[in-house]
Amino acid sequence: MSVMAERPPSPQSSDDISDFTNTERAIINRLQLGLPLTETPYRDVAEDLGIDEQDLLDHLQAMLADGTLTRFGPMFHAGEMGGGLTLAAMRIPEADFERVTEQVNSFEEVAHNYRREHELNMWFVLATETPGGIAETIERIETLTGYPVYNMPKEQEFHVHLHFEV
Amino acid sequence: MSTSTLKSELLSDQDRELIMATQAGLPLVSDPWTELGSQLGMPASEVLERFQKMQASGVIRRVAAVPNHYKLGYRFNGMTVWDVADDAIAELGERVGELPFVSHCYRRPRHLPYWSYNLFAMVHGTSGDEVEDKAGRIADVLGDACSGHTILYSSAILKKTGLRLRKQKDNG
């Protein structure tokens with residue numbers, strides 16, 4: 001099991017934001033907002049930013065390779081695809097945490113899974129092909145792990161715009 | 001087909017193929033539509049049109065870069081959760097969502113006695129103090145309608161694969 005620590009030991013980490021060049025910053029800020037769906041999308045963005053198209057593509061490639069970007073591509077709205085989507089939480093005793101993590105992560109329906117510091121200490125997103133798949137997957141997780149799963153589907157979504165300025 | 005009627009109404013087989021072909025990423029070449037079209041046996045103009053339609057209908061939010069926010073210095077990720085009066089949450093949730101530093105904002109069910117919070121607002125910051133300050137601004141918006149809150153910090157990413165569309169099964 002690979003677990004990435006989220007909080008680095010010191011603020012002077014090697015991947016400090018000051019390491020980004022102005023071009024990288026501009027690309028990160030601009031491309032979070034979305035690629036225009038035009039015939040020449042990369043060229044149009046590159047022109048906006050005042051750089052060469054090949055430069056933009058090379059930077060994207062490099063930032064994906066070094067993990068600055070986790071993805072570049074379409075962001076799907078799973079709910080709009082007709083599938084099921086929910087947030088779920090579990091209360092797992094420390095002694096069982098590692099075993100249950102492996103079991104929960106083994107489900108391909110589990111898209112993200114975070115440890116959080118609370119009595120409910122495991123939080124994951126479930127995405128299933130059909131809306132009915134959520135209840136069925138939760139039942140399978142409960143059977144496999146032996147612990148209850150608290151289902152917290154969204155009842156209402158309030159509009160936001162995710163943007164990390166660098 | 002194993003998928004629901006709902007889904008087949010929303011997504012054509014060609015749309016599904018495009019999603020399958022790009023969920024790991026859009027080709028990083030000058031003309032990504034032609035590249036995808038040649039993979040799927042579809043004219044480039046149709047690829048682009050299908051993307052435009054999926055974006056207009058909301059199947060695709062946008063085609064965008066997803067940063068690793070830890071690498072960008074946003075290392076503190078606080079899931080702020082609030083116990084908000086049921087008759088006020090619809091209006092107040094909108095106002096919390098409008099705060100520029102909130103990345104996700106949802107109403108979700110309570111699970112008493114373990115969980116009394118019905119409003120979730122994800123806040124990212126470059127320090128714990130920054131997250132706390134931002135939570136304070138949410139508290140200001142909610143005022144007396146809120147009877148309790150807490151901030152859940154994530155201490156480890158246990159899994160992060162993103163939302164994937166899986167291959168359709170052939171069995172009925």
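The values are calculated or read from the model by the stated rules, or taken from the named source; none is laboratory data. What you are looking at is a predicted structure, and each value in this text was computed from that prediction instead of being measured. Please note: Cβ atoms are built from the backbone with ideal geometry, for glycine as well, and neighbour counts cover all protein chains shown.
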Pairs where the first residue, in region B:105-120, is more than 9 Å from chain A (Cβ to nearest Cβ) and the second is surrounded by fewer than 19 Cβ atoms within 10 Å (Cβ to Cβ) and β-branched (Val, Ile, Thr), C-beta under 9 Å, 6+ apart = B:117/B:150
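Given the structure, is residue B:100 without any contact (Cβ under 8 Å) to a residue 60 or more places away in the chain, at the interface with another protein chain (Cβ under 7 Å from one of its Cβ atoms) and surrounded by fewer than 15 Cβ atoms within 10 Å (Cβ to Cβ)?
no
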Any chance residue A:144 is of a type in the set (A, V, I, L, M) and more than 28 Å from residue B:96 (Cα to Cα) = yes
Note on residue A:86: of the conditions (1) assigned to a strand (DSSP E or B); (2) hydroxyl-bearing (Ser, Thr, Tyr); (3) at the interface with another protein chain (Cβ under 7 Å from one of its Cβ atoms), unmet is (3)
Please go through region B:47-97 and pick out each residue that is hydrophobic (A, V, I, L, M, F, W, C) and part of a strand (DSSP E or B).
-> B:60, B:63, B:64, B:65, B:66, B:76, B:79, B:81, B:82, B:84
Which of the residues spanning region A:118-134 are closer than 29 Å to residue B:96 by Cβ and loosely packed, with under 13 Cβ neighbours inside 10 Å?
-> A:119
Answer with yes or no whether residue A:100 is more than 7 Å from chain B (Cβ to nearest Cβ) and among the β-branched types (Val, Ile, Thr).
-> yes
Go over the candidates B:118, B:77 one by one and state the one that is touching a strand residue (DSSP E or B) at 6+ places or on another chain (Cβ under 8 Å), surrounded by 14 or more Cβ atoms within 10 Å (Cβ to Cβ) and under 30 Å from residue A:29 (Cα atoms).
-> B:77
Please enumerate the residues belonging to region B:103-153 that are modelled with pLDDT under 95, more than 20 Å from residue A:120 (Cα to Cα) and touching a helix residue (DSSP H, G or I) at 6+ places or on another chain (Cβ under 6 Å).
-> B:125
With respect to residue A:91, determine if the residue is of a type outside the set (Phe, Trp, Tyr) and at the interface with another protein chain (Cβ under 8 Å from one of its Cβ atoms).
-> yes
For residue B:65, indicate whether it is touching a strand residue (DSSP E or B) at 6+ places or on another chain (Cβ under 8 Å), surrounded by 16 or more Cβ atoms within 10 Å (Cβ to Cβ) and not assigned by TED's automatic domain parsing to the domain that holds residue B:128.
-> yes
